[in-house]
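The values are calculated or read from the model by the stated rules, or taken from the named source; none is laboratory data. Everything quoted here is computed from the prediction, not taken from an experiment. When we count neighbours, we look across all protein chains shown, and the Cβ atoms used for this are built from the backbone with ideal geometry, even at glycine. Calculation scope for accessible area: heavy atoms of the full protein, side chains included, ligands and nucleic acids excluded. Shrake-Rupley method; radii C 1.70, N 1.55, O 1.52, S 1.80 Å.
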Amino acid sequence: MTLQEGQRVKLVADLRLTDPIEVSGAVIGILSLAADTEGTVEEVVEHAREDADVREYERLKSLLDSYGDGMPPESRRQLEQKVGALQPAWVAFQKQGPLVTVQVRFDNGLILGASPQDLYVPV
């Protein structure tokens, strides 16, 4: 499920934002957001996780689909072998799906950007 801009959400777990803060040798605390803190999604960004094998699979598969029927049999066989060798990377990419990050403005005024959408559930 991809979150949408303007959607109300809440944190699914406590989220530690900083390590212990030290001032003049004294630890003054840790900044965290509590689970169930509510806010509004301001931005949704999908990041492609393609690697070189996925791009090469897409390129060769397109070539095979577009021109394979007109290729000499040996060239077509070699291309099919290359596509077959890259298919596991393609299947893994398809299962993985895109990485989606969001920027959320919490009701307390804090803005958290570039956070994985899995940190939130709709309200």
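Data overview
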quantity: Residues of the range 32-71 that turn out to be farther than 29 Å from residue 87 by Cβ and either in a helix (DSSP H, G or I) or open to solvent by 70 Å² or more (accessible area, probe 1.4 Å) (or both), as a count; calculated: 2
quantity: Test: residue 100 is touching a helix residue (DSSP H, G or I) at 6+ places or on another chain (Cβ under 8 Å), part of a strand (DSSP E or B), open to solvent by less than 60 Å² (accessible area, probe 1.4 Å) and modelled with pLDDT of 95 or more; calculated: no
quantity: Conditions (1) part of a helix (DSSP H, G or I); (2) within 23 Å of the chain's Cα centre (by Cα); number of the one not met by residue 115; calculated: (1)
quantity: Cβ pairs under 6 Å, 6+ apart, first in the range 31-46 and within 22 Å of residue 99 (Cα to Cα), second among the aromatic types (Phe, Trp, Tyr) and modelled with pLDDT of 95 or more; calculated: 39/106
quantity: Leading residue by the ranking (nearest to residue 100 (Cα to Cα)) among those in the range 5-30 that are acidic (Asp, Glu) and at pLDDT 90 or above; calculated: 5
quantity: Near pairs, Cβ below 7 angstrom, 6+ apart or cross-chain, from the range 98-123 (among the basic types (Lys, Arg)) to any residue that is at pLDDT 95 or above; calculated: 105/39; 105/40; 105/42; 105/111
